[in-house]
Amino acid sequence: MQRYRVLGPLEVADRDQLIRIPSAQQRLLLAMLLVDAGRSVSAGHLIDELWPDCLPHDPAAALRTQVSRLRRRLGASANRLRTEEHGYRLDVEADQVDARLFERLLADGRVDEALALWRGPPLVEFAEREFARAEAVRLEELCLAARERRAQTELARGEHDRVIADLQALISEYPEREHARQFLMEALYQTGRHADALAVYERWRRELVERGLEPTPELSQLEQRILEHRLVPSESALPARTDSFLGRERDMRAVASALGESRVVT
């Protein structure tokens with residue numbers, strides 16, 4: 001079964017073998033059909049994107065030629081590129097397109113598997129095209145939210161070092177992500193780096209003030225809890241108990257006796 005990848009450069013793979021599609025027009029045609037996989041895309045829309053500046057003498061015939069050439073490239077899956085009354089449709093299973101598979105894995109809670117599908121910005125070759133822009137923004141937002149969700153899960157498990165590295169990389173690339181800053185501050189605090197946690201907030205606050213803005217109330221409240229050492233660590237962040245003081249009756253009686261004689265006992 002062929003696989004179509006749009007989470008990065010456009011690729012088509014048949015098992016482990018990549019199918020070469022060197023023609024820029026055929027790659028553009030395929031990308032448009034994949035964005036609307038399973039739905040008909042009008043011939044007029046395809047023509048406008050393929051020849052935005054100079055239409056061929058017979059646009060419909062030129063489009064048929066590009067579709068025919070793309071079918072030959074797709075080989076065994078050529079029959080899935082269907083001709084309809086007013087356009088064309090690429091029939092694929094949901095899991096054949098990495099973007100669809102990514103969304104299904106997210107919905108199933110398999111965040112690591114979902115994020116592993118990403119090879120770069122979605123539909124990167126067509127970033128300036130209107131048909132790709134909205135879909136790329138939507139997928140990228142889902143990816144960023146998934147990275148934050150993974151960080152939150154790892155934070156709850158006490159995997160602070162990995163969380164800190166991932167969130168620093170995310171914030172470096174997308175500085176506007178306040179949720180990422182929140183989780184980074186929590187991770188730094190829970191590893192004893194209280195000053196670093198506060199520095200994350202202060203740097204962001206200064207950036208916002210220069211724009212006439214303020215951090216969100218949630219982030220400001222987090223800073224206050226850190227200042228007051230009221231940030232409760234996750235259960236997994238607490239050290240595991242390696243010994244027990246249960247059953248130390250003699251010591252407990254000695255302490256009780258000492259407390260009866262002195263105001264302060266160490």
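The values are calculated or read from the model by the stated rules, or taken from the named source; none is laboratory data. Treat the numbers as computed from the prediction; the structure is a model and nothing was measured. For neighbour counting, all protein chains shown are included, and Cβ atoms are generated from backbone atoms with ideal geometry for every residue, glycine included. Please note that ligands, DNA and RNA were not included when accessible areas were found on the heavy atoms of the full protein model with its side chains. Shrake-Rupley method; radii C 1.70, N 1.55, O 1.52, S 1.80 Å.
Tabulated data for the structure shown
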{"read-out": "Candidates T216, T191, T83, ranked by Gaussian network fluctuation over the chain, Cα under 10 Å, top entry", "value": "T216"}
{"read-out": "Sparse-neighbour loop sites [chymotrypsin sites (Phe, Trp or Tyr not before Pro); the stretch 63-147; at most 12 other C-beta within 10 Å; DSSP]", "value": "none"}
{"read-out": "In the stretch 78-107, the GluC sites (Glu not before Pro) that fall in loop regions by DSSP, at most 12 other Cβ within 10 Å", "value": "E84, E85"}
{"read-out": "With every protein chain in place, the chain: carbon and sulfur % of accessible area (1.4 Å)", "value": "50"}
{"read-out": "Mean Cβ count within 10 Å, highest first, over the residues of peptides 203-211, 27-35, 65-73, 144-152", "value": "27-35, 144-152, 65-73, 203-211"}
{"read-out": "Mean separation of Cα contacts under 8 Å (6+ apart) over length of the stretch 1-110, as relative contact order %", "value": "32"}
{"read-out": "Karplus-derived 3J(HN,Hα), 6.51/-1.76/1.60, for each residue of the stretch 56-72, Hz, glycine and proline x", "value": "x, 4, 10, x, 5, 5, 5, 5, 4, 5, 5, 5, 4, 5, 5, 4, 4"}
{"read-out": "Table column - 3J(HN,Hα) (Hz), the stretch 221-231, Karplus curve with 6.51, -1.76, 1.60, x for Gly and Pro", "value": "5, 5, 4, 5, 5, 5, 4, 8, 6, 10, 7"}
{"read-out": "Of [x] 1.00; [y] 1.54; [z] 1.21, the label for Cα Rg over 2.2 N^0.38 Å derived from the coordinates", "value": "[y]"}
{"read-out": "Residue-normalised accessible area of the chain, given per residue in Å² at a 1.4 Å probe", "value": "59"}
{"read-out": "Where only C-alpha atoms are counted, convex hull volume of the stretch 56-210 per residue in Å³", "value": "152"}
{"read-out": "Length-normalised contact order for the chain - Cα pairs under 8 Å, 6+ apart - percent", "value": "15"}
